[in-house]
Amino acid sequence: MGTSIANLTGDTNAFGTGTAAITGIPDFRRLVVAALSGPEVLVSHANRSSFGFEAAVSGIGGYPQAARLGQQDMWHNVRIPFMEYLDDYDSANPTVWTSVPEDKINSFSSFIGVPIRGGSRSRVGNSSMILNSRYQTLACSDHLNGTNWMLVNKNPSAYFHESILNATGGVGAPTHLPGYDGRDIGTKPSLWLDVLNNNETNAHFYGSMLFEPSSALQLLIGGQCLHGSSNPYTGIRMCNVSTSYVDVAVECTRAYDVSDLKCQVGRIRRSQIGNFSSMHSDLSELYIARAISFEMPAITATYNAMKPSLLEKYIKNPPTAFGNGEDHKHRMYGACFEDVSRQSFEARVATALNTFLMASYNYSVLTGTDGISLSQRNDMWQNFIATWTEYTEPVYTLNIAWFCISIISTLIIMACTVSNAVIRHVIIAPDFLGSVDGLIRDSPFVKVDIESSDVGSGVSSHDRIKFTKNTQVQIQDIQPDENMGKIALTSDIRNSRLEWKRVYIS
């Protein structure tokens, strides 16, 4: 199963109206709080330059554990990497596969992953598949003084809040306009989200999905800031929202029959399907944009507007998001992000936004309690084909062809050996006899016919043996009359034996 574009019909989105909101919003809120409570949040879109990063990694269990935790959420859904923030991503060639290293802490687009159900057996093996997915990306401006900006623009009208200029009058966010069916949970956020009420926004909310908007939807993200003893001002970032459609190569492994199926993304690329508009986003649906503008700041907020929410702390510095300590410089203004770099702000807010959007999908599907059937499902979910492979025990088998070749070769070698021995036996002077002849060559103690040219010192042993083969030799003491004997081969055959106690030289 994979996600498609947001849809408010059939498999009802939690941001629907009436009964859908009453029953779906509580499930949605539980999912959001659970997803933002995992330890991997502390290292998301952070690095060694982030305050407390090394301590956060150590607390999680080290870099390998932090890398593993990021691959799946607590419901074993597969997290989709934020392709644009991967080290090997080439923006000039986005349709080329980008590898997702499994031993590094990668940036993921949402803390809630894509549910993958089925595609595997309940035994040891691997499965792989290519699925299509999408997520929202942000392109934001630098931090600016929103109070001055709104005054210059004559207090522009916003869609979901009362005059956002009024945010400068108090610590909390401006009042949300009625029209959203979700129930107020009583928290006091400092952060607020809205869009400008203008023609470009109306083209998204009331236009057709068949036509490309002229521009991306522009999201306003604001909060109060304070410098020293100066008056507070509203800090604003303006972010263009677009959609990134991606192809994702998912690899799953079950190491033992009783173990969980562990899935992770191995590669990712820009989708080559050309019938989607990147200008359209999930926030182009009015009901979703209204719900997000209310729920996203409020769910993790405290009941004291002076205390930053979990979301606000995450955007400011992920490694300290779970801490209870206060930043004294901004302790009363949790939604002031003037010290956060533009790239970090874009990545962290986009990941949070995608998490909220994913949580609005069917609760039972996301938590893995609804099986794999697409019955009563709509185009939020899709079927994909997975390739399943299994481990096999090593089995040694006999290759008949090679066995026959080995037997024939052995027989040939044996035949050659026997033939060699027979041939050496029948010839006149085998090599080993020629070597024996060398023992008596030029010996003064062996009498041969020195008048024959066939037995001279220049004649080979092979030729000499023809004439010396009948010569008898014996190991004898060649100087028996001396005090010290000498042993040598001699043709002087005697019946005397060597004496055991006599001293001999050779």
Item checked: Pair L177, I412: separation of 7 Å Cα→Cβ label points (nm) -> 9.3
Check: In nm, to one decimal, how far is the E212 label point from the N47 one, both placed 7 Å along Cα→Cβ?
Finding: 3.3
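Which pairs, out of K104/K262; K262/K313; K447/K501, put more than 21 Å between their alpha-carbon atoms?
Values: K104/K262 17 Å; K262/K313 31 Å; K447/K501 29 Å.
Those over the limit are K262/K313; K447/K501.
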Checklist line | Sites N153 and T253 - FRET efficiency at Förster radius 51 Å, r taken between beta-carbons, to 0.05 | finding: 0.40
Checklist line | Least to most buried among I273, I105, I465 (fewest other Cβ within 10 Å first) | finding: I273, I465, I105
Note to self: Can you give me the distance in nm between label points at Q472 and I273, each placed 7 Å from the Cα along the Cα-to-Cβ direction?
What the structure shows: 10.7
Notebook entry, point to check: Can you give the extra length, in nm with one decimal, that the chain gains between E162 and K486 once fully stretched, where that is 0.36 nm per residue apart less the Cα-Cα distance?
Noted result: 103.6 nm
Notebook entry, point to check: If we count other beta carbons within 10 Å of each Cβ, what is the order of I60, I185, I80, fewest first?
Noted result: I185, I60, I80
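Could you give the length gained on full extension between A421 and F403, defined as 0.36 nm per residue of separation minus the Cα-Cα distance, in nm?
Details: separation 18, 0.36 × 18 = 6.48 nm, distance 2.75 nm.
Going from the current span to full extension adds 3.7 nm.
Read the figures in this text as sums done on the coordinates, not as results from a lab. Note that the structure is predicted; figures quoted are calculated from it, not measured. So basically every Cβ, Gly included, is an ideal-geometry build from the backbone, and we count neighbours across all protein chains shown.
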